[in-house]
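The structure appears right after this line, and notes come after that.
The values are calculated or read from the model by the stated rules, or taken from the named source; none is laboratory data. Predicted, not measured: the structure shown is a model, and the values here were computed from it. Ideal geometry is used to build each Cβ from the backbone, glycine not excepted, and the neighbour counts take in all protein chains shown.
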Amino acid sequence: NWLLMTAGLAATAIAASIPALADDPILIKFAHVVAENTPKGLMAERFKELVAEKTGGDVVVQVFPNSQLFGDDKVLEAMLLGDVQLAAPTLSKFGRYTEVLELYDLPFLFEDLDAVERFQQSPLGQEMLHSVEGKGLIGLGYLHNGMKQLSASKPLRTPEDAAGLTFRIMSSEVLEAQFEALDAAPIKKSFSEVFMLLQTNAVDGQENTWSNIYSKKFYEVQPYITESNHGLLDYMVVTSAEFWNGLPDETREQVAEALDEALAYGNQIARDKAIEDKRKIAESGRTEIIELSDAERAQWVEAMKPVWQQFEGQIGRERIEAAYSANR
Ligand code: LMR
């Protein structure tokens, strides 16, 4: 009869649709806030290619640069809701999930990326990748950007020059304390707003790496950049535990392998870009790069370093000591 026939047809349709569903690729949306031509942007594109290769198309990565999908203030919440599967916020942006990563924001902690690398690859550094696990996130690895420079609407040679100025900062308590130590006024704002804030003089300055200053054209609206190398801007690649643990074992291994290779590639780019983008900024003639004498630099260290003590309790003294001793 008619009813039975319809039911039979429906059952056939459902059965037929099951293999089609199983063949659908797994989608990884990777959201980030920087330009494509940066260590993170290029790492993301490389990751996408490597995942396609290694999984034979079973997993498809879709990259959303320039805060197109989520800004760093929203991306981790969105990840826990399943709206995005991969992100790589700066280590400064995990304050709501863990305090230990604040270590990486301490001013003048690391002398260069080699020291950063030594610490991150040490057992203590690797253990810190797990610090977000209780919150439903999984840290898959570190990615470098580089050392931060200070840009402003006036020349900054000594810490006194920064007093009274407003600086855009990432959402980090340590960075807030760092600028307060200079008697400056830090304002937490998302990365997508920085150019406009600088262009309209809503803030006087900001801190960032050469590649971010170049790719987002901050140097066109900041007449002075002090080569301070005062802090680190690095990333943690994160996913949600629900997504990651739900992947078939073999697929998870392939994706993890793709990520490791992409991170090695991105880390090399970070080193190259710090040199290349600084040179391009210098050649543009749009801004003056201020080099500090040893005596001037010592003044910045003296002004900012008390921040270490302020955060020792929540970061852990042994972590600070281990990180500092990675400088050799
Ligand atoms: C910033 O907000 O200044 C940086 O975190 C942007 C980035 O992801 O490098």
message = Of all residues being in contact (Cβ under 8 Å) with a residue 24 or more places away in the chain and not in a helix (DSSP H, G or I) in region 185-201, which is nearest to L143 (Cα to Cα)? Just the residue, please.
response = S190
note = All conditions in (1) closer than 15 Å to N229 by Cα; (2) in contact with a Ser or Thr (Cβ under 7 Å, 6 or more places away or on another chain) are true of K188 except (1)
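Please verify whether region 165-183 includes one or more residues that are within 16 Å of the ligand (Cβ to nearest atom), small (G, A, S), surrounded by fewer than 19 Cβ atoms within 10 Å (Cβ to Cβ) and modelled with pLDDT of 95 or more. Break it down into steps so the answer makes sense when it comes.
Initially, region 165-183 is screened for residues within 16 Å of the ligand (Cβ to nearest atom), giving 166-176, 178-179.
Adding the requirement that they be small (G, A, S) leaves 171-172.
Now restrict to residues that are surrounded by fewer than 19 Cβ atoms within 10 Å (Cβ to Cβ): 171.
Those still in the list that are modelled with pLDDT of 95 or more too: 171.
Checking region 165-183: at least one residue is within 16 Å of the ligand (Cβ to nearest atom), small (G, A, S), surrounded by fewer than 19 Cβ atoms within 10 Å (Cβ to Cβ) and modelled with pLDDT of 95 or more.
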request  = Quickly run through region 92-146 and pick out the residues that are assigned to a helix (DSSP H, G or I), in contact with a helix residue (DSSP H, G or I) (Cβ under 7 Å, 6 or more places away or on another chain), within 16 Å of the ligand (Cβ to nearest atom) and under 21 Å from E312 (Cβ atoms).
outcome  = S92, L101, E102, Y104, D105
query = So, of the residues in region 148-164 that are crowded, with 19+ Cβ neighbours inside 10 Å and in contact (Cβ under 8 Å) with a residue 60 or more places away in the chain, which turns out to be nearest to the ligand (Cβ to nearest atom)?
reply = K148
ask   = Right, E227: away from the ligand (no atom under 11 Å from the Cβ) and assigned to a helix (DSSP H, G or I) or not?
value = no
request  = Could you please give the count of residues in region 63-91 that are outside any loop (DSSP other than H, G, I, E, B), more than 16 Å from the ligand (Cβ to nearest atom) and without any contact (Cβ under 8 Å) to a residue 40 or more places away in the chain?
outcome  = 1
